[in-house]
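Asker: Following this message is one structure expressed as structure tokens.
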Amino acid sequence: MSKFKIVNRIIDGKNVEVEIGHNTLQYVLINRLTGMRFFGTKKHKLKIKNSIKKARIKNLKDKGFSDEEIEKFLDEIVIYKWRIFTESSFNRYIKVIKRFCKYLKEKFQTSHLTMFEAEKYIQEYIDVREARGLSADTLNTDLSALCKVFGRRTIEFRHPPRHGAHLKNDPTKYNTETGETTRDVGVTTGLRRRELAHLKVDDIKFIDSETVHIFSIGKGGKHNRTVLKGIVAVAKLKEYISRAEKTGNDFLLTKAEARVPDGLHYCRAMCAQNTYYAVLQDMENDPAKRAEYIQKIKDEFKRCKRKLKEDLNKPYCLRGYNKKAAESINKPVVYDRVAAMYVSLFILHHFRTNTTILHYLVK
């Protein structure tokens, strides 16, 4: 029995033949996406395996294989490309698929399109979304989700570039009165929304009067250690811990506080900026501190079994669009790489300074 049939539809005044499947398109795509879930696994380990296989395949040229054949082999061994490593990404992709299926249902008056038929309209869908004035970040997320589930590459489709220094007119427009406590904890700790919601009192360890470590499970199941310094941060956390203990709550925030619609990502950026300038000021006041910060950075890379690839003595300079965007809001265009890397490792838990600078320090 055939898996699909051909039906006629009137689209934009034209008679169009369309492939119709037995299952709904949304059912097929969600099932396909579900099979890509790889929660709790570190992408870094898969990248190491991938690099080893790549090195072996590149030697095939000596054995008579053509460049085209080798390129095909290289594409096939990207074992982390068709995996989804975080639940948040999976849920975000599910929403994109539902919107895409709804768009096609309205267009063809059916929910039973085949994947082959739906794939033809990816570019059209992105164009329609762009015409509505959606941001480059949103459009890139939409395209990434569709390419993931259809097995395509984003470079095959026309889409606006995603710039690093993404500026918002009013990043605090979602702030509410009930979210004041949540925002304060967010600015103090720099944790993501999900990490704040799961933050327990026992996860906070006070090292001394000016140092506190926060242990959390971050994106991709990473075991993160946030290092906060300063009397103010220590005092605030002790105050919130005392409040939680009085109410018998194991978590630092209540469920209502964890669910506020406020712009908590902006709070994370503020924590990153505060830490960056504090480290910068500390090194300016005492030049000997630079060597201490560099050693801490190297130790953290070693602890995480990562390789430090950046030259910490070389400043990070913005260029092109990112430079103009930073200048338009009177932000620096040159950043100290030691301070930026410290923020990356101990606040944001990134292993590159470009992500930290472009998405958090230039805001």
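Asker: How long are the three semi-axes of the equivalent ellipsoid of the stretch 207-363, in whole Å, if each is the root of 5 times an eigenvalue of the C-alpha gyration tensor, listed from largest down?
Answerer: For the stretch 207-363, the ellipsoid semi-axes come out as 28, 20, 16 Å.
Asker: In nm, to one decimal, how far is the modelled label at ILE231 from the one at ARG259, with both set 7 Å along Cα→Cβ?
Answerer: 4.0 nm
Asker: In addition: Per residue of the stretch 8-24, what does 6.51 cos²θ - 1.76 cosθ + 1.60 with θ = phi - 60° give for ³J(HN,Hα)? Whole Hz please, x for Gly and Pro, Karplus curve as stated.
Answerer: 9, 9, 9, 10, 6, x, 10, 7, 10, 8, 10, 7, 10, x, 6, 8, 5
Asker: Would you mind getting me the FRET efficiency between CYS304 and SER88? Use the beta-carbon distance for r and R0 = 22 Å, nearest 0.05.
Answerer: So, using R0 = 22 Å, E works out to roughly 0.55.
Asker: Can you give me the Kirkwood hydrodynamic radius for the chain, using every pair of distinct Cα atoms, in Å to one decimal?
Answerer: Averaging 1/r across every pair of different Cα atoms and inverting gives 23.8 Å.
Asker: Percent of Cα-Cα pairs per 5 Å bin, from 0 to the last occupied bin, for the stretch 290-354, please list those.
Answerer: Per 5 Å bin, starting at zero, the Cα-Cα P(r) for the stretch 290-354 comes out as 4, 17, 26, 22, 15, 9, 6, 1 percent.
Asker: Let me ask something else. Could you compute the net charge surrounding THR138? Neighbours are other residues with a C-beta less than 12 Å from the C-beta of THR138; K and R count +1, D and E count -1.
Answerer: Result for the neighbourhood of THR138: +3.
Asker: List the residues, sorted by chain then number, that are 5 or more residues from THR211 or on another chain and whose placed amide H is less than 5 Å from its amide H.
Answerer: Sorted by chain and number, the residues that satisfy this are GLY230.
Asker: Sticking with this structure for a sec: Go from 0 up to the bin containing the longest alpha carbon distance in the stretch 228-267, width 10 Å each, and give me the % of pairs per bin.
Answerer: 26, 43, 32
Asker: Determine the calculated [θ] at 222 nm for the chain from helices alone, applying -39500 (n - 2.57) to every DSSP H run no shorter than 4 residues and normalising by the residue count; nearest 500 deg cm²/dmol.
Answerer: -15000 deg cm²/dmol
Asker: Same structure, new question: Computed over the Cα atoms of the stretch 253-315, what is the convex hull's projected area averaged over all directions, in nm²?
Answerer: Here the figure is 6.6 nm², rounded to one decimal.
Asker: Just give me a number: lysine pairs in the stretch 265-349, eight or more positions apart or cross-chain, with C-alpha atoms less than 24 Å apart.
Answerer: So the count of such lysine pairs works out to 19.
Asker: Kirkwood hydrodynamic radius of the stretch 127-285 from all distinct Cα pairs, in Å?
Answerer: One decimal place: 18.1 Å for the Kirkwood radius.
Asker: How are the Cα pair distances of the stretch 118-167 distributed, in percent, across 10 Å bins from 0?
Answerer: Whole-percent P(r) values from 0 Å outward: 25, 58, 16, 1.
Asker: Carbon-plus-sulfur fraction of the accessible area of the chain, 1.4 Å probe, in percent?
Answerer: Accessible surface attributable to carbon and sulfur in the chain totals 50 percent.
Asker: Same structure again: Suppose the chain between ASP202 and ASP127 were pulled fully straight at 0.36 nm per residue; how much longer would it get relative to their current alpha carbon spacing?
Answerer: Between ASP202 and ASP127, full extension yields 22.1 nm more.
Asker: Show the residues, 5+ positions off or on another chain, whose built amide H is closer than 5 Å to the amide H of ILE84.
Answerer: ARG37, PHE38
The values are calculated or read from the model by the stated rules, or taken from the named source; none is laboratory data. All figures in this text were calculated on a predicted structure; none of them were measured in a lab. Neighbour counts are summed over all protein chains in view; Cβ atoms, including those assigned to glycine, are modelled from backbone coordinates with ideal geometry. To get the accessible areas, we keep the full protein, side chains included, count just its heavy atoms, and leave off ligands, DNA and RNA. Shrake-Rupley method; radii C 1.70, N 1.55, O 1.52, S 1.80 Å.
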